[in-house]
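The values are calculated or read from the model by the stated rules, or taken from the named source; none is laboratory data. Remember, it's a predicted structure, so these values are computed and weren't measured experimentally. Cβ atoms come from the backbone with ideal geometry, glycine included; neighbour counts cover every protein chain shown. With ligands, DNA and RNA removed, areas are computed over all heavy atoms of the protein, side chains included. Shrake-Rupley method; radii C 1.70, N 1.55, O 1.52, S 1.80 Å.
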Amino acid sequence: MYLNTLQEKPTVQFSVVLTLGHSDNLRRVRLEGCLEKMESPLGPSNLIRIVVEDVSIQERVESERDEQKALMELVVKGAMDAIVTTDEEERIVLFNEAAELMFRTPAATALHGPLERFIPERFRAAHHGHHLKFQQNVEQVRSMGAAREIF
């Protein structure tokens, strides 16, 4: 069937199929093939080129990553504490439901906006300095310390 497709359509064609591997393990492979028309001394002929790539490991890694992402979303959503995460430019990339309650702001309004919006002006410069220092630290996790009063 794949060979018929290659002969019918002279462009690169992709397909993913299940195959049996060593010890009867099912493997998923990706086929990438094309039909090339060639001239030879005997006249015109067709050459079919097919590349076979094992994608089993890649698909398993992607599946595990998706499972981890779904689990993380459940944890963040169900957390009783506010969780606010920023990117390198201090823009908000995660704002959970507890943060919505704490800051009285919907996540849709906070996401992709500047974190400084939620930091009193007199603390912004110091916070920015802490953020830069944290970026340079090899360890990407640090204790936030004891509970503090929020102004």
Value of [θ]222 nm, deg cm²/dmol, for the chain, DSSP H segments ≥ 4, -39500 (n - 2.57) each, nearest 500: -11500 deg cm²/dmol
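Expressed in nm to one decimal, what extension gain is obtained for the pair Met72 and Leu132 from 0.36 nm per residue of sequence separation less their Cα-Cα distance?
Taking 0.36 nm per residue and subtracting the Cα distance, the gain is 19.0 nm.
Keeping the other protein chains in place, figure out the carbon and sulfur percent of the accessible area of region 65-140, with a 1.4 Å probe.
The nonpolar share, carbon plus sulfur, comes to 57 percent.
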Label-to-label distance, nm, for residues given as His112 and Met80 (7 Å Cα→Cβ offset): 3.4 nm
Cα-based helix-to-principal-axis angle, 121-136 vs the chain, degrees rounded to 10: 40 degrees
With Cα atoms, 0 to 90° folded angle of helix 56-78 axis to the chain main axis: 20 degrees
Net lengthening on full extension, Ser40/Arg65 (0.36 nm per residue, minus Cα-Cα): 4.1 nm
Local electrostatic count, Glu53, Cβ distance below 9 Å [Lys/Arg +1, Asp/Glu -1]: -1
5 Å binning of all Cα-Cα separations within region 37-89, expressed as whole percents from 0 upward: 4, 13, 10, 10, 10, 9, 7, 7, 6, 5, 5, 5, 4, 3, 1, 0
Counted charge near Ala70, where neighbours are those whose Cβ lies closer than 14 Å (Asp, Glu -1; Lys, Arg +1): -2
Over the chain - Rg/Rh using Cα atoms and the Kirkwood inverse-distance radius: 1.28
Candidate aspartates and glutamates - alpha carbon under 17 Å from Lys37, same-chain residues fewer than 8 apart omitted: Glu8
The chain - accessible surface per residue (Å², probe 1.4 Å): 81 Å²
Reach of Lys9 by Cα under 12 Å, taken over aspartates and glutamates that are not fewer than 8 positions away in the same chain: Glu36
